[in-house]
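Reading through the structure tokens given below for one structure.
Each value in this text was obtained by applying a stated rule to the coordinates, not by laboratory testing. All figures in this text were calculated on a predicted structure; none of them were measured in a lab. Don't worry about glycine lacking a Cβ; one is built from the backbone with ideal geometry, like all the others, and counts go over all protein chains shown.
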Amino acid sequence: MRMSGSSKKVITFVLVVCVVAVMSIAAGCGGEEGEAKGPIKIGGTLPLTGPYAETGKWIEKGYRYWAEEINAKGGLLGRQVELIIYDDESNTDKGVSLLEKAITVDEVDLLLGGYPGTTAAAQMPVAEKYRMVYVSMGGHMPSFEQGYQYSFGGPPLMGQWWYEGFFQWLSTLPEEERPKKAAAITVNNVIGKACLEDIHKWVEELGIDLVVDEFYDLPLASADALVAKAKAAEADLFFANGLFDDGVLTVRSAMAQGYNPKAFVQGIGSIVPAWVEQLGEYGNYIFSGTAISNKLPYEGIEELNEVCRERYNVTAAPDYFLYGYCWLQTLQRGVEGAGTLDQDSIRDYLKSNTIKTIGGEFKFDEKGLPEPYSFCTQIQNGKVELVWPAEVRTADPVYPKPPWGS
Amino acid sequence: MPTSFEIFQALASGLLLGGVYAILGVGFGLCWGVMKVINLSHSTFALLAVYIAYWMNVSLKIDPLVSLFVSTPLFFVCGIVIYRLLIGPLAKRAEELVAASMVLTFGLAILMENAMQWAWKPDPRVLNVSYTGKAFFISRVSIPYTAVIGFAIALVTTSCIYLFLKKTYLGMAVRAVWQNKEGAALCGVNIDRVSSITFGISLATAAAAGVCLSLIFSFNPSSHLGWLIYIFLVVIFGGVGSIPGVLLAGLLIGLITNISAVFIPNAWVNMILFGILATVLLLRPTGLLGQREAR
């Protein structure tokens, strides 16, 4: 039987349509199948060499343990995760360019938070440009006040909240027991100024007279004159609002001068493990703050302590291991809650739901920040204890501070 | 208005700290004056002495002052070896020794910093001894034992260097090289030998400075960079190669920083310090007690 010309054309057309349709379906199915089998790539940078390497490596360990744990549980959204971590050599510029590389060349699905605050603050606009969710410590309050929509501090390392726990506890004391005069010596940089904002806010609220309020530049050669000012002004609340080296000098100067305020509060320097390890008994009764701790009674913390004891021969999980783990846990909650890798959906989920992490429960606001908080710590018998809020307390605060060496 | 307690406390603290500045600068100034070598690794060697003191204290329970008897002779020998292997050959070849020595010793400093980072990790360290944070009091003014010990070591070291230069034959040879290298060579002074011994002495003073620093400051493998600023400051202020000048500059810088902090906000102290330094150099470019080089 011979077909007419028009029949041939119809059949040819139908065949072409069928072939195209089958190919499209096959291609579509293949794509979905590949996606389902391929790992979710999570990328970013950390300072694995250079001055911030020691801390950066602990964050990396936290990240990698989180990935190992989630992969063992079947993955994220049913897919294995793969971390791509570039070494930014403790250099902010490299941190920015390598994050761009992770996004544009490696085409990562999700981002890792960077460290320290300067790098995180510089990476936040990059994440914003590519409209990708970025969970990190941030770079104190100004970095969260730029109108970014995709950045989250889960938890943040926020100077402006550093003494929240301490002052909240202080406000619970009867008024006659509270200090009357405060002295603050502050490192002249963005960290010191951020923490000082918290001091200014609270001393005004509690009616404490700030009798010494001085900045100093690094390196601090001697804290003697500053401590002498506080002693001469009879300040019974002292803030050594700085970092490690200057903090050690200040403590030693206060000891030598026999300056014994009712409360001695140290700034950021005291969250470095060396503060306790190296100062030992000399650092006793010093208050400080933190945004995360291995003594928190939250789910998952004790398991992480055990992992760190077994793998890294430490007594408990270091803070930055917990930060790294917690940032990825926050991201995980967003992804699982949204049920997709779509960045807008993850962002919207994180902004509209309370999420539970090893660092506590976070309800993020428009800036991507949880409610202002910090845990108040005090060194007792050479160990860091949590003294406020009451629900996480591991020891009662020692107040007023006993004289040095007693 | 500052109280008399604040003023006298600042005087005592400034004077004691000034001694430590002086001992940091004395060997560096000697090296610069005699050999025309700016040793940017000087403070790194001081830091190495700090780590040796720390290691001996933590591992062997030995007081850091005892480490002085280990690190000082060790660094003297190191100085001679480094001179023979690096500085000497460079001095013979380089057209501009000052600049070339800065590049070479900066490289050495970075190498040492990385080695210390590998050996002791980048973590900050603190050396605690039984007398840390303890002091005796004159009226209300506290005099910390660590600062007194540091000051005493500084005073003894600078005095020894001064007497060595003034009273010994070798010291006179060092001064001769410093004043006129060609003239000294013509008179039979072995420039190479004098230079290597000078470099050895210079590093031995860095070891002594390191022990003083270990008693007062916390440290990490990058701490040497901050100390280098003070080294330059005391040497330029006091006069390159002048031992009494460096001692005087150290004491003055200690006093200026501490006393000005009593009367003005601490954040302005560096402005005052560098303002005074600029004024002194404008009026006396060779520094307080420095002398013009013979040509």
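Looking at this model, which pairs from A:K94/A:K383; A:K180/A:K401; B:K61/B:K121; A:K229/A:K401 are more than 25 angstrom apart at the alpha-carbon? Don't skip to the answer; put the middle values down first.
Working: A:K94/A:K383 37 Å; A:K180/A:K401 15 Å; B:K61/B:K121 20 Å; A:K229/A:K401 19 Å.
Listed pairs above 25 Å: A:K94/A:K383.
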Exercise. Averaged over A:228-234, how many beta carbons belonging to a partner chain fall within 10 Å of each residue's beta carbon?
Worked result: 6
Exercise. In Å, what is the Rg of the alpha-carbon atoms in region B:4-283, and how long is Dmax?
Worked result: 18.8, 59
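Using the per-residue mean of other Cβ atoms lying within 10 Å as a proxy for protection, in what order, highest first, do the peptides A:158-165, A:123-130 fall?
Working: A:158-165: 24.9, A:123-130: 19.6.
Per-residue mean Cβ counts within 10 Å order the peptides as A:158-165, A:123-130.
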Seminar exercise, completed: Cα convex hull volume per residue for region A:152-193, in Å³, equals 77 Å³
For this session: Taking the dipole about the Cα centre of region B:42-164, with the C-beta of Lys and Arg at +1 and of Asp and Glu at -1, give me whichever of B:W120, B:F69, B:F106 is farthest to the positive side.
Result: B:F69
Problem set entry | Relative packing of A:371-380, B:210-219, A:68-77, which averages over residues the other C-beta atoms within 10 Å, highest first | B:210-219, A:371-380, A:68-77
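Which number do you get for Rg(Cα) / (2.2 N^0.38 Å) in the protein assembly as shown? Don't jump to the answer; show the numbers that get you there.
Details: Rg = 30.8 Å, N = 701, 2.2 N^0.38 = 26.5 Å.
Normalised by 2.2 N^0.38 Å, the Cα Rg of the protein assembly as shown equals 1.16.
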For this session: Work out, step by step, the length gained on full extension between A:Q146 and A:R309: first 0.36 nm times the residue separation, then minus their alpha carbon distance; give nm to one decimal.
Result: 54.7 nm
Seminar exercise, completed: For B:F5, placing the label point 7 angstrom along Cα-to-beta-carbon and taking region A:216-234, residues whose amide nitrogen sits under 18 Å are A:223-234
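Sort A:297-308, A:169-180 for me by packing, meaning the mean count of neighbouring Cβ atoms within 10 Å per residue, highest on top. Please report the intermediate quantities before stating the final value.
Values: A:297-308: 16.2, A:169-180: 13.8.
The most tightly packed comes first, giving A:297-308, A:169-180.
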For this session: Determine the alpha carbon to alpha carbon distance for each of A:K181/A:K262; A:K181/A:K231; A:K193/A:K231 and list only those over 20 Å.
Result: A:K193/A:K231
For this session: Give me the distance between the Cα centres of region A:336-379 and region B:35-95, rounded to whole Å.
Result: 52 Å
For this session: Calculate, for B:R93 and A:L173, the FRET efficiency according to 1/(1 + (r/R0)^6) with r their C-beta to C-beta distance and R0 56 Å; round to the nearest 0.05.
Result: 0.20
Seminar exercise, completed: When the charge dipole of the protein assembly as shown is computed with +1 on Lys and Arg Cβ and -1 on Asp and Glu Cβ about the Cα centre, the Cα farthest towards its positive end, among A:F144, A:Y216, B:A12, belongs to B:A12
Seminar exercise, completed: Inter-part gap, Cα centre of region A:259-322 to Cα centre of region A:90-154, in whole angstrom, is 27 Å
Problem set entry | Dipole magnitude of region B:4-283 about its Cα centre (Cβ charges: Lys, Arg +1; Asp, Glu -1), debye to nearest 20 | 420 debye
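For the protein assembly as shown, what is the mean residue ellipticity at 222 nm derived from helices alone (per DSSP H run of n ≥ 4: -39500 (n - 2.57); sum divided by total residues; nearest 500 deg cm²/dmol)? Mind dumping the intermediate values first?
Values: 25 runs with 398 residues, N = 701.
Rounded to the nearest 500, it is -19000 deg cm²/dmol.
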Seminar exercise, completed: Averaged over the residues of A:211-223, the number of partner chain Cβ atoms within 10 Å of each residue's own Cβ comes to 5
For this session: Please turn the phi angles of region A:89-95 into ³J(HN,Hα) values with the Karplus equation 6.51 cos²θ - 1.76 cosθ + 1.60 (θ = phi - 60°), one per residue in order, whole Hz, x for glycine and proline.
Result: 6, 6, 10, 4, 4, 5, x
For this session: Please list the radius of gyration and Dmax for region A:144-256, considering alpha-carbon atoms only, with Å as the unit.
Result: 15.4, 50
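Please give the net charge around B:A267, taking every other residue with its beta carbon less than 9 angstrom from that of B:A267, where Lys and Arg add +1 and Asp and Glu add -1.
Working: positive: none; negative: A:E214, A:D217.
Computed value for this residue: -2.
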Exercise. Among the DSSP beta bridges whose two residues both lie in the protein assembly as shown, what percent are antiparallel, rounded to the nearest 5?
Worked result: 40 percent
Exercise. Counting Lys and Arg as +1 and Asp and Glu as -1, each charge on the Cβ, what is the dipole of the protein assembly as shown about the Cα centre in debye, to the nearest 20?
Worked result: 2460 debye
Exercise. How much of the DSSP beta bridge set in chain A is antiparallel, as a percent to the nearest 5?
Worked result: 35 percent
Problem set entry | Leading residue at positive end of dipole, chain A (Cβ point charges), from A:T330, A:G280, A:Y259 | A:T330
Exercise. So what does the Cα-only Debye profile of region B:9-115 read at q = 0.17, 0.20, 0.22 Å⁻¹, as log10 I(q)/I(0), no solvent term?
Worked result: -0.91, -1.12, -1.23
Exercise. If you find the alpha carbon centre of region A:192-256 and of region B:153-194, how far apart are they in angstrom?
Worked result: 47 Å
Exercise. When only alpha-carbon atoms count, how far does chain A stretch along each of its three principal axes, as whole angstroms with the largest first?
Worked result: 115, 40, 40
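Average partner chain C-beta neighbours within 10 Å, per residue of B:257-264?
On the way: counts 4, 5, 1, 1, 9, 5, 1, 1.
The per-residue average across the peptide is 3.
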Seminar exercise, completed: Measuring from the longest principal axis of the C-alpha atoms of chain A, the long axis of helix A:5-37 (C-alpha) lies at a number of degrees, nearest 10, equal to 20 degrees
For this session: Compute the acute angle (0 to 90°) between the alpha-carbon long axis of helix A:301-312 and the principal axis of greatest extent of the alpha-carbon atoms of chain A; round to the nearest 10°.
Result: 90 degrees
